[in-house]
Structure formats: structure tokens, C-alpha cells
Amino acid sequence: MPSPLPCHLLTRRRALTACAAVAALTAAAALFLLATPPTEDPTHPYLLASLLHNNTSNQPDSAAASQPPLPSTSILQLQTNLPSGFTTVPSMFLVPSPSPAENLDDGSMEETDPPDLKENPPAESAPFLQEPISSGSPIRRSDIYNKGHDMKDHAMLPPRPEVPIPLWSTAADEELIYAKKEITIAPLVSNDPDLHAPLFRNVSVFRRSYELMERLLKVFVYHDGAKPIFHSPELKGIYASEGWFMKLMEGNQHFVVRDPNRAHLFYLPYSSRQLEHNLYVPGSNTIEPLSIFVKKYIDFISTKFPYWNRTKGADHFFVACHDWGPYTTKLHDELRKNTIKALCNADLSEGVFIHGRDVSLPETFLRSPRRPLRGIGGKPAAERSILAFFAGQMHGRVRPVLLQYWGGKDADMRIYDRLPHRITRRMNYIQHMKSSKYCICPMGYEVNSPRIVEAIYYECVPVIIADNFVLPFDDALNWSAFSVVIPEKDVPKLKQILLAIPDDQYMAMQSNVQRVQKHFIWHPNPIKYDIFHMILHSIWYSRVNQIQIE
């Protein structure tokens, strides 16, 4: 009988065998993860502790390109095989508190002052906030990011970037190609009772595109992400647009699919308002924590799923109404350049909003989520005795000039900073809008304003004063049919411009405001051509136009 092996040799042999087994299992798990696109997973609270040093979204995925998607992996498998620097931990978010948006005494709604961003930024702030900022006046993000650049340099539309080529083709791509061809040969529309042709750039193209959206469009909503930043719609106030869209999109049974392999679009369901409320540090003068969080989230999505990497984010979209929405994309190149961004702050001058790809989101102020249609309507055109009306806080570059030239100087021009109580006792803010021919909608800190949709709700012709602003649904609507757009430099000539509009033209515009109103109204259960469907159509239309036809 042979003598037993020495103890140290036996231990070493076992150790080598064990190491080889672990290495084989690790390699097999890595290959499995590369080849496997998870299809669906329940919501998991997470906060990413650090960034991946080698982001998979920046690397070609040859395995994913050559193999069809397989069933999903669990979050446990993902965590087990992630690099050591990439961890998941329980949610560390704060409990949401009420919105700081201010309800004025006169009934109007104002954009809030960006918290503490009037102060000088600390030395450790993000590089784009390192220049001293005067404490004498409010700042806009354009003042931060475009310091030293002439606004005229940004007035032209930015060049449209090349569309990323998908790593592999899907049946959804073929459907998008079909839709694009069908839209180019849209049949002529005449006398459609649901669509008033003068309101549209091309009513035939719009109706055909909308029909195809209803028939074909499938959206996958990512389930990952903890509340309140994810899956927590805010349904009142000036940021209601992003919240109502989130609520109605996640609850939709017509467009949403459980199988991401069927999807034409992928929705990133986070709230820019909740980002600001939960991650902004008062007094820090930097939104860098918000940008870092968004970058980590996209890194997580592109690591766990193969769908982001397939198009480098070109078939993904998010919806953000908070002013800071565009700037939270700054740290992720693919998110900023490729993703469809539906933004209230649709400003061409800042180099973030890409015209032709991104979508201008209407900013809607809702006082009551349970009664979104409350108070809608106004006096007939012949009974509107006030020529022009505005009341609101004096922030931004346009409003102080408006007040300087017209505040309290002309009985026809009811321009106020805030409505005095002696006036609101007789006629409040909403009654003024319902009794005015033209409602002045100057930009605030940013180009967007809830007054534009407010004016439409109260059937008052909006007068929009905001250079470089891409108007909502500009891919479909002809804004000249129901609004007046005035350059900022022409504020001193405001009354002259309005009086020069013939009565019959005003009557036609006011009638068109009534007709276009249905395209800007939220319904708890969406109906055809309402604001939910118009937003979704703009996103769909953007994606269809990105598709290259050989």
C-alpha cells in the first residue's frame, strides 16, 4: 500500500484544484452575462457607490452583436460578477417633501429661485462653476456654462449629430424604417374633424405619423431605481409635466411592453424635480451631485442591459421639466449627445438641447391633480377688454425690462411685478388672463414659462418673449396660427406690435387658441391627441427621423 502524500502536498493540490474550479466558474459567468440581456427585473433600491473605470457603453460589445438576447439574469448574479468598485447598497434617498414652488397671492405660479446659486461657488465646485458669480442678480445656467460666449454665436441651429449605428438589427428597426417610408408618402388630409389644419405645419404628415405611432409604437420602461427619484411622479405645480407623463406612461397598457426586445423606445423613469429636491446640497452652488448620480444610473443600465449599448442610447429617452434637467446630462457624453431629451428648458443657445432630436416639453402648472381641467376657458374674444396682461416675479433678463417700459404706464398694458391687493379684490390673476386679448409670456430664469400653456387654458393669445426657445411640439404645430413671438429686443415696441395686428387676424388666432387647447390638456385617462399623446408622438417622430434608410 503506497504511503499517503505529505500533508503540505495534499493541501497544495486541493488549493490548485479549487482555484481552477473558481476560475472556470468565473469565466463561464462572465461569458453568460455578456451574452445575456436581462429582460425584466423587479424594482431594486440601489445607489451606485462608484463609477466603472471601463464603462461598457464605451466599448464595442461583440458578444451582444453576434448573439441574440437570452432570458434575464438576476440582480444577485449581476452584483456577484461586477467589478469590486461597483457596488449596490440599500436606498439612501431622503423622504420627499412638498415642492418649494411658490403660490403667489394673485393666483399665478412662478419658477422658484435656484437655491443659493446667487452666491459665490466654493473652490471645490465643479469646473463649470468655478468662476465667481455676482450676488447682485440671479443667474441662469447659460451664464454658468457659456461664460464669455456671445449669445449670437448660438442663435443658429446646432448641426445634427450622426446617428449611432446599432450593434445589431431588430424587428423594431424594420418597423421604424417602414414608418419613415410611410410618413414620406402620407396621403393628403382634408376636412378631418379632429385636426384643424391651420394649427399644423403639415396636417397630413402629422396624422399619418400619429396613426403609425398608435399602431406600432412599443416602449420599455426600466424597472430599476428606488423612490423617490424614480417612479415618483409629482402631479401639481410647475413641474407637473414630467410627473404626469411618468404616471401615465408607466400605467399605459397600449404602448408599454414587458419584453424589451420588442421595444422601439426605452424610457428612463427618473424625475429631474426629485433629483433637485433630494440630491442638491443647499449652499453648495453646484449641481454636480445630480450629474454624477445620473451618470452612475446610465452606467448601471448600460452594464446590466445590452439595449443602451446597442444604439449608444439613441433609442432611449427621458422627460424633465425642472430647469436643471438639461445640465444633469453633462457628465455622460452618450446621454447628452444621443438620447432623446424631452425638456421644458428647450434653449438652443446653451448647446445641450439638440433641435431635431430633442423634444420641447410644455410646462404645465396644475393646481389640482384631481381636477386638472378645473377653470379652463375664458371670455369670448369680443368681451376681452384688456389689451395685454402680465403679473409675476422679476427674475431673468426680460421681465425687468418689460416692467421698466410698461409697468403702470399705460391703461391698455396691465403689466405688474405682483398684482396689488387693491386690484385682486376686484379681479384676480386668472380673471385677468380670461379677460385679456394677449397674455404676455416672458422667459424667467430660463426660456420656458408655464404662462404659455396657462394662456392657452384661459383662451388668451400667448405673446412669447424668449430668444432661442424651441416651442413645444414645434415638429407638428404651426405656432404662428395661435400665438405671437416677439424678439427680446422689441419689448419697448410691444404695444405698437400688438396694435398692428388686424382685428380679423386676432380673432382667427383667438379661435385657434381654443382649437389647440385640447392638445395641451392632461386627462387622468389619456385620450386621442391630448398632451400625453402629443409628447409621446414628438418622441416617436424624433426616433423615426433618426432611422437611416439605405
- Task: Search the range 528-539 for residues that are among the hydrophobic types (A, V, I, L, M, F, W, C) and modelled with pLDDT under 95 and pair each with any residue that is assigned to a helix (DSSP H, G or I) and surrounded by 23 or more Cβ atoms within 10 Å (Cβ to Cβ) when their beta-carbon atoms are under 8 Å apart and the residues are at least 6 apart or on different chains.
- Result: none
- Query: Is at least one residue of the range 382-399 acidic (D, E), within 16 Å of V516 (Cα to Cα) and either open to solvent by less than 10 Å² (accessible area, probe 1.4 Å) or outside any loop (DSSP other than H, G, I, E, B) (or both)?
  - Reply: no
- Which of the residues that make up the range 445-490 are open to solvent by 40 Å² or more (accessible area, probe 1.4 Å), of a type in the set (D, E) and over 22 Å from L403 (Cα atoms)? D475
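Restricting attention to the range 417-438, which residues are touching a helix residue (DSSP H, G or I) at 6+ places or on another chain (Cβ under 8 Å) and either open to solvent by less than 50 Å² (accessible area, probe 1.4 Å) or over 21 Å from P492 (Cβ atoms) (or both)?
First, the residues of the range 417-438 that are touching a helix residue (DSSP H, G or I) at 6+ places or on another chain (Cβ under 8 Å): 417, 419, 433, 435, 437-438.
Listed by number, the residues that qualify are L419, M433, S435, Y438.
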- Output for the range 466-516, where each listed residue is farther than 30 Å from R543 by Cα and aliphatic (A, V, I, L, M): I486, V491, L494, I497, L498, L499, A500, I501, M507, A508, M509
- Looking at L403, L343, which is the one that is over 30 Å from K296 (Cα atoms) and either modelled with pLDDT of 95 or more or open to solvent by less than 10 Å² (accessible area, probe 1.4 Å) (or both)? L403
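Looking for whichever is modelled with pLDDT under 95 and in contact with a helix residue (DSSP H, G or I) (Cβ under 9 Å, 6 or more places away or on another chain) here; the options are I501, I547, I521, I486. Which one fits? Break it down stepwise before answering.
Numbers: I501 fails: modelled with pLDDT under 95; I521 fails: modelled with pLDDT under 95; I486 fails: modelled with pLDDT under 95.
After ruling out the rest, the residue left standing is I547.
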- Which helices (runs of 4 or more DSSP H) does the range 491-550 wholly contain that include 3 or more residues that are crowded, with 20+ Cβ neighbours inside 10 Å? 503-516, 531-546
- May I ask you to list the residues in the range 445-481 that are aromatic (F, W, Y) and either part of a helix (DSSP H, G or I) or touching a helix residue (DSSP H, G or I) at 6+ places or on another chain (Cβ under 7 Å) (or both)? Y457, Y458, F473, W479
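The values are calculated or read from the model by the stated rules, or taken from the named source; none is laboratory data. For clarity, every value in this text was computed on a predicted model and none was experimentally measured. Note that each Cβ is placed from the backbone with ideal geometry, even for glycine, and that neighbours are counted across all protein chains shown. Just the protein is used for accessible areas: all its heavy atoms, side chains included, with ligands, DNA and RNA removed. Shrake-Rupley method; radii C 1.70, N 1.55, O 1.52, S 1.80 Å.
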